[in-house]
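Encoded as structure tokens, the structure appears first; notes follow it.
The values are calculated or read from the model by the stated rules, or taken from the named source; none is laboratory data. Just so we're clear, the structure is a prediction, and the values are computed from it rather than from any experiment. All Cβ positions, glycine included, derive from the backbone under ideal geometry; neighbour counts span all protein chains shown.
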């Protein structure tokens, strides 16, 4: 990121000396160099002037009547707007004790009398340049801080052991801690890491590692709530190793993904699995039963005389009928591993992992009864109400692998059994 350069104004230099000749000399040296020069004939006048203006540099004589240069410097360091202004002593003294005292009070340099033009200019330019660089650095730091404080992502700085050193307001808001509390915590605690906290920075830097935390990266708020996150870590190359950690709460994003995932798997009319998801489930169930030598059964279901139902009662009634049937079929399943899907039109399929023929028949009987209890009138049905026919196919992989070689073969066999059930009078099940 490139920050705009700030326009440089004419530097202001305040010269403080009780001797008019010295003030004139300093003005004649500085003004030709395009500096704006302000003059004060005493420490008191200089301090009064500092309540109105803020110069970029002060050149201060030590030996003055009233309050001398040392006292003037001590007082100006107590003025908030003046305490950071660089001060150069101008003195006839060159005793070591005076020089040391001046530096202890906060002076940045000194010039001895008689004043030499080139020396005065060199020291002036050097300290104005330093002051300008400090000013630019401070402005850039403030701009960066303002940017960080106003972005919505959490930004933390930690040391190499994960101890938090600073945070932005977004971090306080997301985790529910104030900055003072956060800065007494380790990043591992905020990010729900169960291992040794001092190892966590290395875990974050090596995001391709097999550490379990990376399976579900999450944050943990003050109220104990956890939430999914995305995280980015960068090392800052300073005298002490530290790390900038940027955290995003992706709860809303994850919710949107889950919704899209649900929509891609769900039949919009009946709110059960659609055909696409059924095919995925069938492949997974077949492979699992094959690996574990378990039986698997499938039910192929068709609503009897559904076309004539639509013709008689209308498509809106037909949709309501299919919705009621889907709910009844789902309710008839008692295990979480079992699933019902809409195959298409008025056809439904049920996958029953680890289920033999007798178990599949029990489920079919329960479903036939559930549909009967709906008691949906159907004048064109032999029974006077809506019914279903069910075809059952069961595979024991060890015994039937030569006859039923794939999940698709099992589906075809259940479809054939359904054809037999319809041919034998409907409202029944048949097995193959």
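Worth a mention:
- Residue within the stretch 356-367 that is touching a helix residue (DSSP H, G or I) at 6+ places or on another chain (Cβ under 6 Å) and farther than 19 Å from residue 287 by Cα present: yes
- Test result for residue 201, exposed (fewer than 15 other Cβ atoms within 10 Å of the Cβ), more than 14 Å from the chain's Cα centre (by Cα) and not in a strand (DSSP E or B): no
- Per-region count, the stretch 30-48, residues in a helix (DSSP H, G or I), closer than 23 Å to residue 80 by Cβ and in contact with a strand residue (DSSP E or B) (Cβ under 6 Å, 6 or more places away or on another chain): 1
- Options 113, 93, 129: the member that is assigned by TED's automatic domain parsing to the domain that holds residue 31, farther than 24 Å from residue 200 by Cβ and modelled with pLDDT under 80: 93
- Candidate set: the stretch 175-188, residues that are under 17 Å from residue 229 (Cβ atoms) and in contact with a helix residue (DSSP H, G or I) (Cβ under 7 Å, 6 or more places away or on another chain); chosen: the one surrounded by the fewest Cβ atoms within 10 Å (Cβ to Cβ): 186
- Any hit, the stretch 250-263, residues being assigned to a helix (DSSP H, G or I), surrounded by fewer than 16 Cβ atoms within 10 Å (Cβ to Cβ) and touching a residue at least 40 places away in the same chain (Cβ under 8 Å): no
- Being more than 12 Å from the chain's Cα centre (by Cα), modelled with pLDDT under 90, under 17 Å from residue 163 (Cα atoms) and not in a strand (DSSP E or B) is a property that residue 240 has.
- Options 314, 318, 344: the member that is surrounded by fewer than 16 Cβ atoms within 10 Å (Cβ to Cβ) and over 43 Å from the mean Cα position of the chain (by Cα): 314
- Exactly one residue out of 96, 37, 90 is more than 48 Å from the chain's Cα centre (by Cα), farther than 20 Å from residue 9 by Cβ and in contact (Cβ under 8 Å) with a residue 24 or more places away in the chain: that is 90.
- Checking residue 170 against (1) surrounded by fewer than 17 Cβ atoms within 10 Å (Cβ to Cβ); (2) within 14 Å of residue 247 (Cβ to Cβ); (3) free of Cβ contacts under 8 Å to residues at least 24 places away in the same chain, the condition it does not meet: (1)
- Filtered by the rule that a residue be in contact with a helix residue (DSSP H, G or I) (Cβ under 9 Å, 6 or more places away or on another chain) and either at positive phi or modelled with pLDDT of 90 or more (or both), the stretch 246-265 gives a lone residue, 247.
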